[in-house]
Protein chains: 2
Amino acid sequence: MFMWSGAIKYIRLEEGLKAIDLHVKQLLPVEEVEIPDAYGRFLAEDLISKIDVPPCDIAHFDGYALRSSDVEQASLTNPVKLRVKARLYPSTKEPVSLEPGEAAYVATGSPMPMGADGVLPVEASVVKGEYLEVRHRVRPGDHVIKAGNDMRQGEVVLRRGHRLRGQDLALLALMGLARVKVFSRPRVCIIPVGDELTDEGNALRPGEVPCSHALMISSFVLRDGGAPLRFARVPDDLSLISEAVIKAANLSDLVLTIGGASRGEKDLVATAISRIDGAKIVFHGIMTRPGRQTGFAVINGKPLVMLPGLVQSTIVGYQLIARRVMFKLMGLEVDDLTIKAKMACDLRLPQPRGFKRVVFVKLDRDGNSYRAWPLIGESALLSIPVRAHGYVLFDEGLDHVEKDSMVDVYLLY
Amino acid sequence: MFMWSGAIKYIRLEEGLKAIDLHVKQLLPVEEVEIPDAYGRFLAEDLISKIDVPPCDIAHFDGYALRSSDVEQASLTNPVKLRVKARLYPSTKEPVSLEPGEAAYVATGSPMPMGADGVLPVEASVVKGEYLEVRHRVRPGDHVIKAGNDMRQGEVVLRRGHRLRGQDLALLALMGLARVKVFSRPRVCIIPVGDELTDEGNALRPGEVPCSHALMISSFVLRDGGAPLRFARVPDDLSLISEAVIKAANLSDLVLTIGGASRGEKDLVATAISRIDGAKIVFHGIMTRPGRQTGFAVINGKPLVMLPGLVQSTIVGYQLIARRVMFKLMGLEVDDLTIKAKMACDLRLPQPRGFKRVVFVKLDRDGNSYRAWPLIGESALLSIPVRAHGYVLFDEGLDHVEKDSMVDVYLLY
């Protein structure tokens, strides 16, 4: 059993992330779901097309399919007459073939008749009785989508780890698939810790604080594709915390505790974890502000993140550490798109300068670019992330950021 | 009854949006939901705090609360002794008050004792028996969060129309609320039209195309906070289309048809709508490419968007028109954050130059900035939006975009 010394040792964020990569090895199980249920899920395998899409050449315009060699000499003064042999639609099942001198009406999306290699758009077509008069040259391939142009048989169309969007589901359907392999949703147990906690929604009395942070983290887990499982709040009691953690580790893929992660006399989470057989505290304390009390442990192979209780540090611990673990359970890296913005004013970064500093920012538009307004205040203040669109992660060593510097804003949606 | 002439008249996108604003007047009903169920919902009223948060002054550090006037002269050589009268935690229910010469232990988040106005951090505290030796001056307000510092009673903390995120739910809970007023999810009926359509998930035969677009649009509606209702596919038949539209308009807040919106002989959606009593086609045809066949109608007050069937135009019609209607049903404007990127190469924009052109782009990183790679191909190709992170909307009149020009990328997630 690993005994945690209790000494405060803050490690660099990068070291923390490396430790996570080392300790989180086992991937989530894979499940097969029906395509309509796959929205927002993460692909568990590279997706290779088993067919050409479209499966045959199709018309990309309403018009007349023809053999381009028939109309090489066609012009306004020298129209070429072709017999209209058939009418084709996307729903046409029987194959049609064109001999020289023949054409066929095709609606957009129709299979091209055999022998035809170009389409004369309907706007340029003159039809007289059963004959089409062609007054323009049509080149091979004009207004035709070739078989396999959208996707080729054997082509990797989506990569493992890709989070499925609407257009991706459409693609799976178009490939004729009924089901797709995705990673199971990570089951994330959230345990709020603290004597003062009450269920939310009650009138507040002195000495009571609603479990608001668990609700917030639960929404973040949902947003990130996980299945949150909110546990009953646990008081500041060593045995009760240990019990809840053991139970949660059995039920879930990732345990998140909230609160009790600091160094005060009622901060019992780390000690409670260190007393569990098979538990190892990998780190407790990272060099970020807020969020420095964040910890990471492994309980018989199950990862656990200790999130601090002051709300801005809870958010930072989740965004920088807990999400990383969730993604690692699928063999993935977190890779957020960021919004470029200009700092709206000078900003003196909070101490200690050896830490990475997270600053919440509110965005507005300034002509064609975004401006980021820093929102500064004690890390217990929830109104700051509420007013923020996102946050900027400033590197260690920086003291000061000048007005109009470009920063990368991570969205907090 | 409005009779639609059938003549092709493309209107400018801006005109189309104005027409939507004019015709979509009625807001969605408001419902009250429990806070944990409010994630992703849109606030139906400005939210005003009924209480101060925190409700009283609280300690922001583990340490000793004291009266700053007692320790004005305190220094290393002149320590001041205070009697430790009580220990306070966030869960402490009974009020405590300090007389001159007294201090109280406070854990982070504890209510400040009456009379106390500053906190000496535990790291700086020397305790001997029941006495605290203060060797540093503490100023009024040191390490104290004042009542109302996070939110003041009467303050508007969130605006009507705001989409609720995790941190916002936490705030509602912290305000002691159990329920919150949100707009009902817009019920969006999606009707795929076409003889060739089959249910997805079957092996594909000639003349059959899976209902992939409806699945895609359904996911987009979910993403945007709506409740999609997928209707059975409808063949290219005037009466059946009219019937389906009437039924859908009765069941939903917004009807979306997919396909049959072009000008071919089997494009019957506009005609079918124009035959419905009380239906008015407001516009059919917008000057965007792809997406120019998009239409907008009102059926006895219910909005309907005709989405074209070529997949890139389906997407553009949804993003530019249908979403606008969905948001308008809540009295809101679409206001997407965009990613700034540099064009990765020169790009000749497709004709006609009098139209706005939507170009799908794939992003990658180039040092500290994003590069946008245009993905060009016929609007029937689904692989293009699948490979894209988003799209750029280029203004009419532009012919050519130079490498390294900055563009705004709308994400297609």
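A few notes on this one:
- For A:89-97, mean number of other protein chain Cβ atoms within 10 Å: 5
- DSSP beta bridges in chain B [antiparallel fraction, %, rounded to 5]: 70
- Considering only alpha-carbon pairs that sit under 8 angstrom and 6 or more positions apart, the relative contact order computed for chain A is 16 percent.
- Using a 7 Å Cα-to-Cβ projection, residue B:100 label spacings across copies, nm, ascending: 11.9
- Chymotrypsin sites (Phe, Trp or Tyr not before Pro) within the range B:164-250, DSSP loop, no more than 10 other Cβ atoms inside 10 Å: none
- Size of the A/B contact, given as accessible area buried on both chains, probe 1.4 Å, in Å²: 6500
- Here the Karplus relation 6.51 cos²θ - 1.76 cosθ + 1.60, evaluated at θ = phi - 60°, turns the backbone of the range A:270-284 into coupling constants of 4, 5, 4, 5, 5, 8, 7, 4, x, 9, 9, 8, 7, 8, 8 Hz, with x for every Gly and Pro.
- Cα centroid separation, the range A:251-329 to the range A:93-140 (Å): 68
- Across the copies of the chain, residue A:83 has label points (7 Å from Cα along Cα→Cβ) spaced 11.8 nm apart, shortest distance listed first.
- Between copies, the label points at residue A:366 (set 7 angstrom from Cα along Cα-to-Cβ) are spaced 2.4 nm, reported in nanometres from shortest to longest.
- Taking a straight line from the alpha carbon of residue A:18, these lysines sit under 26 Å away, with near neighbours fewer than eight places off in the same chain left out: A:9, A:280, A:302, A:328, A:356.
- Looking at the range B:122-163, the GluC sites (Glu not before Pro) that sit in a DSSP loop and have at most 10 other Cβ atoms within 10 Å of their own Cβ are B:130.
- Relative contact order for the range A:338-411, counting Cα pairs under 8 Å that sit 6 or more residues apart, in percent: 49
- MRE, 222 nm, helices only [DSSP H, n ≥ 4, -39500 (n - 2.57), over chain B, to nearest 500]: -4500 deg cm²/dmol
- Of all chain A residues, the one whose C-beta is nearest the axis that brings A onto B, in angstrom: A:340, 2
- DSSP finds beta bridges in the range A:58-145, and of those with both partners inside it, around 75 percent are antiparallel.
- Expressed as a whole percent, the accessible area of the range A:338-411 that falls on carbon and sulfur atoms is 49 (1.4 Å probe).
- With both residues required to sit in the protein assembly as shown, DSSP beta bridges show an antiparallel share near 70%.
- Cleavage-rule hits (GluC sites (Glu not before Pro)) in the range B:1-102: DSSP loop, at most 15 neighbouring Cβ within 10 angstrom: B:45, B:72
The values are calculated or read from the model by the stated rules, or taken from the named source; none is laboratory data. Being a predicted model, the structure only gives us computed values, none of them experimental. Counting neighbours? That spans all protein chains shown, and the Cβs are built from the backbone with ideal geometry, glycine included. Heavy atoms of the whole protein, side chains included, go into the accessibility calculation; ligands, DNA and RNA do not. Shrake-Rupley method; radii C 1.70, N 1.55, O 1.52, S 1.80 Å.
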